[in-house]
Structures are given as C-alpha cells and as structure tokens.
Amino acid sequence: MTATAGPPRASGDAPSRLRRRTVLIAFGLVLGAILGLAAVGALLADAPAPPPDCAPGTECGGPPTGGAEASIAPAASAAAVVRPTATPTLPPAAATLPPDTVGIRAGVPWTSADHGIEFEYSDWWAVDSSDGSRVDLVFQGPADALLIVASVAASEATPEALADHWFDQVRAEAPDLRVDAGEPNAILGPAIGFVDGIGRTYAGTWTTPQAATIPIGVSLVTASDGRTTTAVVLVVWNPDEQTGSTWMQHAVRGTAELVLKTFRWGPS
C-alpha cells in the first residue's frame, strides 16, 4: 500500500522573509510619525501671533496705541468727517461743458432766450427768423414748407388754447382751413420732448398776396411741461405732390421729427 503525502512544508527561508516584513512595517510607522510631527510644527510656525493685550481706553482688537500720547477720544461722527478737498480731474472737453449740456448732437441747436427750451434741426432746414420765444425754419429741399416752433409761459396758454391760436393764425391766410380727417396724415402719439401733447392735422388752400391759391397741409403739435407751453407747426405747400414713393407732406414731416425728438424743456 502506498502512503498518502502530508501537507506541504514551508521552505527554510520563510522565517527570514517574515522578519524582513516586520522590520519594513515598523520603519514605515516610525517614518509616518516623524512626517506628521514635522507637519504640525510647520503649521504652528505659520500661525499668526496672538493679538496683544488690550490697552486701556481702546477696544480689544483695535489698532495698537501710540503710547502715552495716543488719543482715546471717540471716533468722529459721519457728519464731522472731513472729505477730501481735491476733485477728480475730468478730461478737458468734459470739464468745459456746462451742466445739462448734451455732448453729442444730431443737428443744429436752437435755444429760446425767453423760456430756455432747446431743440435741434437737421440740414434740411435753415433759420429764416427768430426771437426769444419763436423761430421760423424754411425747408431746404425740393418743396415749399415752413416749420414754426413757438413757446409761451404755461400760465398764458394751455396746449389746447395754443393749438387754437395757431389754427387761427394759419386760417387767416387759408380761410377754408379744415380738419384733415384722412388717416395717412394723422399724428400718432403726439409729444414734444417726450411730454405727451395734442396733435392736429388740417388741409386748406393758401391765398397769396397776388390772390392765387395753393393747397396746403398743416401738422400741429402742442404740449406743456407745466412751466412752458410749446407749439410746433408745420405748413407744407402742395402737400399731395408725389416725391419718390411717397407724398410731399409725409416726406417733409419726416425731416421735421428731429425737432420733437431732441426737444428739451430747459432747466427746472
């Protein structure tokens, strides 16, 4: 009968390998402890120094005192703080502009000496006559047209009253002046200088000194800011004459809108 083999036996160098493994583990533990102590030491070295003891008369944690001569008076109130006297230096162009001046303009400015209103008009127009409260602009394009901007104190006329006044002024030269009920010439959202007003359109025939008659179209906008009431009156001769793809009154009125959009009511 053949004998059964027993469990395998460890080789003769197994104990030596175990001893080397134990030594390596012990060395790793010691090295880790040394590195940990070094890290703790570095953190302690970088930590900020504790704040000094509070000096009498100062709040704890405040700035250090200046010795015996340091002041312990309470801080000045906000009203007593002295502001710097020097002002920021502005660019030369901006420094020379008076208050409320518009730096970029879309047209030629005109200002009323009586009421301080101001607006700009395009190169399509030129001043024919003006005074402290009114200016007449003549159209420079291929049409006959007159643009009038006139102002009065608000105590003298409401927008409705000023509109009636200018209707009477034009009707003196065009007796058959009447309301233009046609939609193409209607004034939508009438406003002057972003102040809502009233808008009216009229049609009639202008009588010349030589007794000739010429068709006219009138666009009228009035508004008030509570201090000044202003009227913008546009009169176009031969308003229905074709020009390009539109009619003369519509084309001329488009060049006059800059007055309404750039209008400024003056200082309050």
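The values are calculated or read from the model by the stated rules, or taken from the named source; none is laboratory data. The shown structure was predicted, so the numbers you read here are calculated from the model rather than taken from an experiment. Here Cβ is always computed from backbone atoms with ideal geometry, including for glycine, and neighbour counts include all displayed protein chains. Heavy atoms of the whole protein, side chains included, go into the accessibility calculation; ligands, DNA and RNA do not. Shrake-Rupley method; radii C 1.70, N 1.55, O 1.52, S 1.80 Å.
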- Query: Per the 1.4 Å probe, what fraction of the accessible area of the range 185-268, in percent, lies on carbon and sulfur atoms?
  - Reply: 57 percent
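Does the range 109-268 come out rounded, prolate or oblate, given a ≥ b ≥ c as the square roots of the eigenvalues of its C-alpha gyration tensor, rounded meaning a/c under 1.5 and, failing that, prolate meaning a/b above b/c? Provide the component values of the computation, followed by the final result.
Details: a/c = 1.60, a/b = 1.45, b/c = 1.11.
In terms of gyration-tensor shape, prolate.
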- Query: What is the distance, in nm, between label points placed 7 Å from the Cα along the Cα-to-Cβ direction at A113 and at V179?
  - Reply: 4.0 nm
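Where does the charge balance sit around Q140 when Lys and Arg score +1, Asp and Glu -1, over other residues with C-beta under 13 Å from its C-beta? Present the calculation step by step, with values, prior to reporting the outcome.
On the way: positive: none; negative: D123, D128, D144.
For residues surrounding Q140, the net value is -3.
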